[in-house]
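Student: Here's a structure for you.
The values are calculated or read from the model by the stated rules, or taken from the named source; none is laboratory data. Bear in mind that the values here come from a model prediction, so they are computed numbers and not experimental data. All Cβ positions, even for glycine, are placed from backbone atoms using ideal geometry, and neighbour counts span all protein chains on display. The accessibility values were calculated without ligands, DNA or RNA, using every heavy atom of the protein model including side chains. Shrake-Rupley method; radii C 1.70, N 1.55, O 1.52, S 1.80 Å.
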Amino acid sequence: MSELIWLIPLIPFLGFIFNGLTRGHIPKPVHSIVGSGVVLISFVLSIAVYLEIAALNSRGENASILVHLFDWFSVGKLHVALSFLIDPLSALMLLVITGVGFLIHLYSSSYMAHDEGFGKFFAYLNLFIFFMTILVLGSNYLVMFIGWEGVGLCSYLLIGFWFKNNSYVKAAKKAFVMNRIGDLGFLIALYFILETFGSLEYSIVFEQAVSFPVGTFSVLVITLLLFVAATGKSAQIPLFTWLPDAMAGPTPVSALIHAATMVTAGIYMVVRSNILFVLSPTTMDIMAIIGLVTALIAAFIALTQNDIKKVLAYSTVSQLGYMFLGLGVGAFTGAFFHVLTHAFFKALLFLGAGSVIHAMHDEQDMRKMGGLRKALPVTFATMLIGTIAISGIPPLAGFFSKDEILAHAFAYSPFVWGIGLLTALFTAFYMFRLLYLTFFGTFRGTEAQKGHLHESPWQMTLPLILLAFLSLVGGFINVPGALGGNHWLASFLSPILDASNVHTAPLSLSHSTEYILMATSSLSAIVMALYAYNKYVIKQGVPLEDGKQIGGLYQLSYNKLYFDEFYQAVIGRPLKWLSLVLYKYIDRLAIDGFINGLGQFFFTTGKGLRQLQTGQLGFYLMMMVISVIVILIYGIFSI
């Protein structure tokens with residue numbers, strides 16, 4: 001099966017070509033069948049690849065298969081091949097990308113059914129799947145970079161899909177520009193990797209890196225640059241404000257790109273490069289700090305947001321911060337475990353929010369919802385499961401992955417664990433706040449909206465049910481030893497992490513300590529859920545209208561800590577002023593002035609010389625005689 005691995009990215013690419021060329025010329029159902037079908041085929045192939053890798057892994061054989069397609073280019077000593085690497089890490093990522101991707105494609109076939117750009121939307125989705133599979137399959141950093149840039153392009157296209165709305169276009173440009181900042185870090189890192197290791201191939205780079213001493217300066221530079229790239233793609237401070245604005249795109253885009261796949265590319269890249277990062281403790285510490293601060297700040301902002309998709313957007317930023325916290329404290333398995341569980345429950349929550357928005361006739365303000373659980377029973381039940389899962393309440397998926405990160409954080413520093421626990425409390429509160437404001441109490445919308453309320457069609461509810469099931473059972477793939485598990489995921493990923501384990505100490509907490517940590521986080525989440533229930537269901541509290549909130553902390557949270565205003569004041573306005581100065585004095589006055597002046601000089605000179613062309617033969621003879629005399633005089637005096 002591994003010889004046919006190239007079909008996994010190729011088939012969605014063919015779907016992109018077909019849907020792109022035929023949009024507007026064939027019925028919409030054909031677009032959805034082709035668009036969803038190609039991803040389903042890739043998912044089936046991904047299952048076959050996973051089974052092959054799992055079989056090799058279980059037998060203790062080398063579970064890493066390199067599929068060489070062709071030599072890409074050679075420059076001097078640099079030889080770059082287009083080849084794919086199949087191993088436990090890429091096999092699991094393929095399952096998430098194509099599996100969750102297929103469910104979102106199926107969901108989109110109904111959600112986008114009335115959109116005039118239906119065929120184009122499926123073409124963009126297929127193109128995204130193509131680039132995302134390239135990103136995780138590449139056997140070297142350059143192929144990864146191609147996929148990295150490709151998903152950034154698709155993100156821009158999909159966020160600004162409704163381009164007639166100017167605010168959506170601005171959100172797309174903001175995402176594109178902020179991602180380019182991070183991507184520049186990746187590009188520079190490629191140069192340093194090539195300079196240090198003489199190759200961009202993972203196998204060569206990692207094999208050499210094992211012999212490097214901890215703290216090597218060149219490795220520090222490489223990992224810092226790679227982390228800069230990850231902060232852009234995975235929305236970490238300071239490059240995180242693009243992701244909440246990216247909710248301008250259609251809801252399936254939010255689920256696919258900004259919950260399950262693209263934003264986790266940074267985590268995938270760090271896990272793939274784990275040996276480089278463990279050789280740079282400074283980068284690990286920075287990564288842990290940035291992840292922790294991002295998780296806390298994003299969760300704090302989410303506490304007061306009223307747009308249902310904005311709450312989930314800041315939740316995504318916060319959960320990504322949790323993953324980077326896990327990476328920073330050495331919990332590579334825990335961070336990747338959270339990537340998997342997050343893909344299940346966050347895709348579920350975004351699609352559930354889309355179902356609510358669909359029923360509410362495109363209304364996204366939770367203050368205008370309420371009492372929807374009877375009209376949308378499937379949506380409510382599945383979103384309840386997703387809410388419990390993300391809150392870290394056992395035994396759902398989020399409990400296992402989040403607590404593994406918190407356990408490593410406690411071993412790293414009890415203070416870091418305390419901040420992580422506070423973030424978990426915020427998460428439980430704002431997610432149950434979303435659930436209660438949306439589905440409990442009395443309906444607060446218009447009569448027209450009330451008459452429109454209905455459960456979504458099966459193409460939308462079936463993905464919700466399947467994702468809810470995965471959110472229920474997904475955590476059992478890596479049950480800790482303290483709960484009688486065998487850390488299956490850690491064992492499965494061991495070929496990828498073996499080298500880094502040499503430089504990192506294993507988690508050394510007693511079972512009693514782990515029980516206390518689990519009980520503390522779980523009970524705290526339940527308490528916050530009950531507090532939110534008392535506030536928004538029993539007391540029927542509803543957030544006030546914009547601008548009427550009281551309290552300094554509330555205002556800070558509601559206004560998103562004024563990050564956008566700060567960036568605008570410190571970066572946006574100065575750059576705009578500098579651009580105007582350069583335009584006015586350098587571009588217009590100096591450059592245009594010189595070029596236009598030079599042109600005017602020759603034009604005026606030519607206009608004057610043109611007067612000599614009188615057309616009179618006598619005048620021409622006289623000028624010839626004068627010219628001959630001048631030449632003779634010059635010749636005489638120059639001797």
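Student: How much area per residue is accessible in the range 302-437 when the probe is 1.4 Å and only protein heavy atoms are counted (Å²)? It would help to have the intermediate numbers written out before the result.
Tutor: Working: 2650 Å² over 136 residues.
The answer is 19 Å² per residue.
Student: Counting only protein chains, not ligands or nucleic acids, how are 430, 536, 156 ordered by accessible area (probe 1.4 Å), most first?
Tutor: From most exposed to least exposed: 156, 536, 430.
Student: Residue 92: net charge of surrounding residues, Cβ under 14 Å, Lys/Arg +1, Asp/Glu -1, itself excluded?
Tutor: After counting each charged neighbour, the total is -1.
Student: For the chain, take the convex hull of the Cα atoms, compute a quarter of its surface area, and give me that in nm², please.
Tutor: 42.1
Student: Separate question: Considering only protein heavy atoms, what per residue accessible area in square angstrom results for the range 1-41 with a 1.4 angstrom probe?
Tutor: Roughly 52 Å² per residue, with all protein chains present.
Student: Also, I was wondering about something else. Would you tally the net charge around residue 360, using a Cβ to Cβ cut-off of less than 10 Å, leaving residue 360 out, and scoring K and R as +1, D and E as -1?
Tutor: Within the 10 Å Cβ shell, the charges total -1.
Student: Excluding residues on the same chain fewer than 8 positions from residue 174, give the lysines whose Cα lies under 21 Å from its Cα.
Tutor: 164, 233, 309, 310, 560, 576
Student: Kirkwood-based Rg over Rh for the range 1-148 (C-alpha set), two decimals? Don't skip to the end; give the middle numbers.
Tutor: Working: Rg = 16.7 Å, Rh = 16.0 Å.
Over the Cα atoms of the range 1-148, Rg/Rh equals 1.04.
Student: Just from the alpha-carbon atoms, what are the Rg and Dmax of the range 184-264 in angstroms?
Tutor: 16.1, 48
Student: Report the charge-dipole magnitude of the chain in Debye, nearest 20, computed about the Cα centre from +1 at each Lys and Arg Cβ and -1 at each Asp and Glu Cβ.
Tutor: The dipole of the chain has a size of about 1820 debye.
Student: Give the value in nm², to one decimal: projected area of the alpha carbon convex hull of the range 79-237, averaged over all directions.
Tutor: 10.8
Student: Over the alpha-carbon set of the range 339-418, divide Rg by the Kirkwood Rh and report the Rg/Rh ratio to two decimals.
Tutor: Taking Rg over the Kirkwood Rh, I get 1.12.
Student: Quick check: at a probe of 1.4 Å, how many percent of the accessible area of the chain sits on carbon and sulfur atoms?
Tutor: Exposed carbon and sulfur together represent 70 percent of the surface.
Student: Kirkwood hydrodynamic radius (Cα pairs, Å) of the range 135-211?
Tutor: 14.0
Student: Here's a follow-up. Could you put 603, 176, 122 in order of accessible surface area, largest first, with the 1.4 Å probe and the full protein assembly present?
Tutor: Order by accessible area, largest first: 603, 176, 122.
Student: Just round it to a whole percent: the fraction of Cα-Cα distances in the range 533-639 exceeding 22 Å. Walk me through the numbers before you get to the answer.
Tutor: Numbers: 4110 of 5671 pairs.
Pairs farther apart than 22 Å: 72 percent.
Student: Next question, about the same structure. Rounded to the nearest 10 Å², what accessible area does residue 314 show when all protein chains are kept and the probe is 1.4 Å?
Tutor: Here the residue's solvent-accessible area equals roughly 10 Å².
Student: Please report the accessible area of residue 355 (heavy atoms, 1.4 Å probe, ligands and nucleic acids excluded) in Å², nearest 10.
Tutor: Here the residue's solvent-accessible area equals roughly 0 Å².
Student: I've got another one for you. Just to confirm a number: summing +1 for Lys and Arg and -1 for Asp and Glu over residues other than residue 151 whose beta-carbon lies under 14 angstrom from that of residue 151, what do you get?
Tutor: Working: positive: 180, 233; negative: 149, 183.
With Lys, Arg at +1 and Asp, Glu at -1, the neighbours total 0.
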